[in-house]
Amino acid sequence: MPSDFAIETRNLTKVYRSLLGRRVVRAVDGVSLSVERGLSFGFLGPNGAGKTTFVKMLLSATHPTAGSALLLNRPAQDPNARRSIGYLPENHHFPTYFTGAGMLDFYASLSGMDARSRKRRIPELLDWVGLTGWENVRLSKYSKGMLQRLGLAQALMHSPALLILDEPSDGVDPMGRIRIREILRSLEEQGTTIFINSHLLAEVESFCREVAILHRGRVVLRGSVQDLTAGRGYRLRATAPPERVLDELRRSASETVIQDGWVTLQFPARDAANRAIDLLRRAGSEIECVTAASSTLEEVFVKTVGALG
Amino acid sequence: MRTIGLLIVDTFHEALARKIFWGLFALSTAMILFFLFLLKIDIVEGAMATISLLGQESPKRWQIDKLVRHVQSGIATFLYTWGMFLAVFASSGLVPDMLEVGRIELLLSKPVRRWQILAGRYVGNTLVVGCNIAYLVLGVWMILGWKTGLWPKAFLLTILFTLFIFSVLLTVVTLVGVIFESPAMATMVTVALMIMSPILAQRSLMERLLNSEWTRRIWRGLYWTLPKVYEVGRMTLDYVFDRTVSDYAPLWSSAAFGIAALAAALAIFMKRDF
C-alpha cells in the first residue's frame, strides 16, 4: 500500500573511507526521515553536517553504505523514481554552451517531457522566474542570480511532485528571493512537496512548515517550525518599580534586564506574566508593552547545535 | 534509446560549441583545399609527364592507379598519426567536463541510467570524429577520382579502420577520464599507448633480443593486451594498396581491449559517488 510520504529513509548511512581505510568519516549516520507529501520541509545543519550527502543519496548520485530510501514510494536507485522529481543542485554548473531555452529543453527532455509540452512550458517558466527575453542568450552571459532562477525553472519544467532544492536562493538578490519564495508558495498550494536544504534559516523559517536539523550525520531535532519556535513565554516592559517589587518579580521571571529606568522581564508562562502586571500596577509602574515571545529558528538552531558541541 | 540519442546530440552540441567539431572540420577542409590546390597546378599531369620522361610514351593505367594509391596511403598515414593525435586531444575533455561538480548531479537526478550517460557521451564523441574522418576521406577520394577517373573503393575502408582505432583509443580516454577526471591525464595515457604500439609491434625482433623468457612473456603480454594502432594502420595501407591481408588478430585483439576498457569505465562510473 502506498504511503503518504514523498521521502522516506530508513537508517540511511554513508561512510567514506580513505584509500587505505585509515580515515573513516560517517557523513550520514543512520538517518530515518519521513517527509509527508505536500509538505514544505527544511533540512538544516552546519557545514559538513552531511546534508548534501543525504540529498545526493536520495538522488542516487551517491550510493548509501547502509539503509534505504524511498522517493514517492519507489526505491531511490530506480531511475523511474526520479521521473517526478525536480532538483536544483548547490554550486550548479550548467553547460555554458546552452541558451536559456536550450538548457530547459535538454533537461526537460531527459525528464521524459514531450516536445509539445516543452515548447509550451519554456516561455511560461522563463516568465515565471523573470527571464523573459533571455531565452536565446547563452548561459555564459547570465549572472549568478539569473542562473539560479533558471536552475529553478529547470527543476520545475516537468511539474514535479517532489522538488529538492539545495540552497535555492544562493546568490540571488532580495527581490529575486522574494520571487522565488512566491513561486515556492504557489507550488506548495498546488500540492508539490518541497525539500529545501539551506543555510538561510530566516528563509527556511518563513517558508517551511517542518524542519529537521542534521548534526554530524544524525538528525538531532525534528518538528514543525511553529512548535519549535513557539513557547518561549512572554516579554513585559515597564518603568522600573521599587527594589522590593523587583526582588519579588525576579523570583518568577526567567530573565530580568534593567536599563535607563526601564525593566524588561521574561516569563515562561502567561499566569506569571499576569501576576507581574498586577504587581507592577500596584507599585505604580507604567506598562509599556506585553508580547508573546517566540524563538527564531536561528535561536533554536544555535541552541541545538551549540549544546551538542 | 531516446535518452542515449539525447545525450549523443548533447555531445555533438558541446563539440560544436567548444569548437572541437569545427576545429577538426577546418583541418579536414584545409587538407581537401590543399589537394584541390595541388590539382589546380596539375600535379597529376606533372607526375604523368615525369613517367613519360622516364621512357614511356603515355603512362599506363596501372601507373596512374599506383600514384593515386600512394596519395591515398599518405592521407591514411596522416589520419593514423596526426589526425588520431588531434582527435584524442580534442576528445580528452568531454568526459571530465561532464563529471564536473554541479553538472553530473543534475544529470543523475534525471530518470537516466548511468550507463546511458557514459554510452551517450562515448558514441557522440565517436560520431563527432567519425563525421570529420568521413568528410576528409570522401573529399580526397572524390577529388582524386574526378581528376584521374580512378575510384578505388579500398580507400574508403580508411574511414572504417580509422574510426575503429579511434573508438578503441576513446575507451582509454573514457576510462582515464572517469578515474582521474583529468583531460591532460587522458591525453597522456592514450598518446603513450599510441607511441608504444609501433615499438610493441617489433615482436619478432624483440623476441630475439630479449634474453630471458619472463621478459619475452611480458613483451608478449603487452603486445596482446594493448591496442594495435600501428598494425591496424598497416592493415589499412595494405587494403589501400590492394595487398592481401591474412592476419586479422590486430583487429580483434584491439576490439577486445576496447570492450574491456569500456566495461571497466562503465563499472567504475556505475559505482562512483558524486
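For the reader, a short list of remarks on this structure follows.
- Residues of the range A:105-129 classified as touching a Lys or Arg at 6+ places or on another chain (Cβ under 8 Å) and within 14 Å of chain B (Cβ to nearest Cβ), total: 8
- Among the residues of the range A:158-182, the ones that are aliphatic (A, V, I, L, M) and modelled with pLDDT under 90 come to 4 in all.
- The set of residues from the range A:160-184 being without any contact (Cβ under 8 Å) to a residue 12 or more places away in the chain and part of a loop (DSSP other than H, G, I, E, B) is empty.
- In the range B:1-28, the residues that are within 9 Å of chain A (Cβ to nearest Cβ) form Cβ pairs under 7 Å with partners that are among the polar types (S, T, N, Q) and crowded, with 16+ Cβ neighbours inside 10 Å, at six or more places apart or across chains, as follows: B:T3/B:Q116; B:L6/A:S109; B:L7/B:Q116.
- Among the helices (runs of 4 or more DSSP H) confined to the range A:243-309, the ones with at least 1 residues that are within 30 Å of A:N47 (Cα to Cα) are located at A:297-308.
- Matching residues, the range B:139-190, being free of Cβ contacts under 8 Å to residues at least 12 places away in the same chain and in contact with a Phe, Trp or Tyr (Cβ under 7 Å, 6 or more places away or on another chain): B:G145
- A:H63 passes every criterion in (1) under 17 Å from the mean Cα position of the chain (by Cα); (2) within 23 Å of A:R218 (Cβ to Cβ); (3) of a type outside the set (D, E) apart from (1).
- Sole residue being more than 13 Å from chain B (Cβ to nearest Cβ) and free of Cβ contacts under 8 Å to residues at least 60 places away in the same chain, chosen from A:G102, A:G48: A:G48
- Selection status of B:M196, modelled with pLDDT of 90 or more, surrounded by 12 or more Cβ atoms within 10 Å (Cβ to Cβ) and within 30 Å of B:R103 (Cβ to Cβ): no
- Long-range neighbours under 6 Å by Cβ, at least six apart or interchain, first residue within 16 Å of B:I165 (Cβ to Cβ) within the range B:115-138, second crowded, with 18+ Cβ neighbours inside 10 Å and of a type in the set (S, T, N, Q): B:Y122/B:T174; B:N125/B:T11; B:N125/B:S91; B:T126/B:S167; B:N132/B:S28; B:I133/B:T162; B:L136/B:S28; B:V137/B:T158
- Restricting the range B:81-114 to residues that are under 20 Å from A:S60 (Cα atoms) and away from chain A (no Cβ under 11 Å), the residue that is surrounded by the most Cβ atoms within 10 Å (Cβ to Cβ): B:V95
- For the range A:185-225, a residue qualifies if it is out of contact with any Asp or Glu (no Cβ under 9 Å at 6 or more places or on another chain) and part of a helix (DSSP H, G or I), and the qualifying residues are A:R185, A:S186, A:L187, A:E188, A:E189, A:E203, A:V204, A:S206.
- Selected residue (criterion: surrounded by the fewest Cβ atoms within 10 Å (Cβ to Cβ)) from residues of the range A:58-80 that are without any contact (Cβ under 8 Å) to a residue 60 or more places away in the chain and within 8 Å of chain B (Cβ to nearest Cβ): A:N80
- Residues in the range B:84-102 that are within 29 Å of B:L36 (Cα to Cα) and in contact with a Ser or Thr (Cβ under 7 Å, 6 or more places away or on another chain): B:V88, B:F89.
- In the range A:228-242, the qualifying residues are those that are in a strand (DSSP E or B) and at pLDDT below 90, and the one that is surrounded by the fewest Cβ atoms within 10 Å (Cβ to Cβ) is A:R235.
- Filter pass, A:S198 being surrounded by fewer than 17 Cβ atoms within 10 Å (Cβ to Cβ), among the hydroxyl-bearing types (S, T, Y), under 29 Å from A:V129 (Cβ atoms) and modelled with pLDDT under 90: no
- From the list A:V211, A:V220, A:V225, the lone residue that is under 23 Å from A:I85 (Cα atoms) and of a type in the set (A, V, I, L, M) is A:V211.
- Residues being within 14 Å of another protein chain (Cβ to nearest Cβ) and of a type in the set (V, I, T) - total across the range A:8-45: 4
- Taking the criterion of being more than 7 Å from chain B (Cβ to nearest Cβ) and among the hydrophobic types (A, V, I, L, M, F, W, C), the residues of the range A:81-93 that qualify are A:A81, A:L88.
- Of the candidates A:V225, A:V219, A:V204, the single residue that is touching a Lys or Arg at 6+ places or on another chain (Cβ under 9 Å), away from chain B (no Cβ under 14 Å) and β-branched (V, I, T) is A:V225.
The values are calculated or read from the model by the stated rules, or taken from the named source; none is laboratory data. Nothing here was measured: the structure is a model prediction, and the numbers come from that model. When we count neighbours, we look across all protein chains shown, and the Cβ atoms used for this are built from the backbone with ideal geometry, even at glycine.
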